[in-house]
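Below is one structure, written out as structure tokens; the observations come after it.
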Amino acid sequence: MLALYDLPSAGGFKPAVFADDNTNSVVRMKKPFHHLKWALRKVRRAAYQSRAFIPSLREQHRIEQMVGPVGLWDKLRAYQFNALKAHGLAPHHSLLDIGCGPLQGGVAFIDYLDQGKYAGVDAQTENLSAAYGQIRQHNLSAKNPWLIRSDSFGDEELGERTFDFFWASQVLYYFNAEVMQKLLQIIAKRINPGGRFLGDIVGHSHPDFQSPTRSDQLWDLQLHSVESIRRWAEPLGLMVRSAGEIANYGYPASMRLRTNILIEVTPLRTESWGIPSALTTAAAELDNLDSGPQTAAPTRRLKR
């Protein structure tokens, strides 16, 4: 069995502020040595690239490059597991992992869930080939995970199957309005009573929103908000709320996407599985955040 991961204490990036005595306004400041920090991060990432030339590390490096960034595989796996555990995932639940890739989080889910309870869907054959390799490496074939190559989030392949949990880690901001609405329709059709869909969107406190020289990196993303997703979800009998920043669930504090907002989608009429009250309270304060208007279809991945 893989070790279960501890949920870290709540927290996250908050920019330093100071009061301007002349205007009595609050001015955001960059953290000290901001540019040095990013320079060192680039050096670290460059060093990780050397693993591609080490036979014993080459395959792991190739897999990590599929999802990026390299060098944080275990921490990102722990984050995904923590996020679902915090929202009630138990071994008997069924899970559909949307955009499962090479099973960065999937290995922990398969290991934790009962036999046959995990299904992963991805549009890329290469990702699924790597995923099967991960299953063999971790001796998880007996758990009978179901991996599906699909262009329809598995809707054409899943038959009548329904799920207790749906998970979409760091993919929703690549879906335009039409694709998001299609995904919500599939969730509404396949979610069990008491079920949950969880995924993250770009948050207002993302560092690139605070830096005009870097904000262009967000232009090719779909900047959905809790409110925009709620407008599409409610006619389908689903309700949407913010569950706080993903940093609260162990997403690495050094990564740019730590301020992404985790959204939770549930049936309008459902029994609660007992979400921790501290997370519920924090999420309520973020429900009205709007991540801005939608943009054109994505052409490149956002830096983490």
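The values are calculated or read from the model by the stated rules, or taken from the named source; none is laboratory data. Predicted model only: the values in this text are computed from it and were never measured. In this analysis, Cβ positions are derived from the backbone assuming ideal geometry, glycine residues included, and neighbour counts consider all displayed protein chains.
Assorted remarks:
- Strands (runs of 3 or more DSSP E) contained entirely in the range 110-195, each with at least 2 residues that are under 24 Å from Leu89 (Cα atoms), more than 18 Å from the chain's Cα centre (by Cα) and of a type in the set (A, V, I, L, M): 146-149
- Test result for Ile186, among the aliphatic types (A, V, I, L, M), in contact with a Phe, Trp or Tyr (Cβ under 8 Å, 6 or more places away or on another chain) and under 28 Å from Leu238 (Cβ atoms): yes
- Residue within the range 96-118 that is touching a Pro at 6+ places or on another chain (Cβ under 7 Å), in contact (Cβ under 8 Å) with a residue 12 or more places away in the chain and under 22 Å from Ile186 (Cα atoms) present: yes
- Residue-level check: of (1) part of a loop (DSSP other than H, G, I, E, B); (2) at pLDDT below 65; (3) closer than 19 Å to Gln124 by Cα, Gln65 misses just (1).
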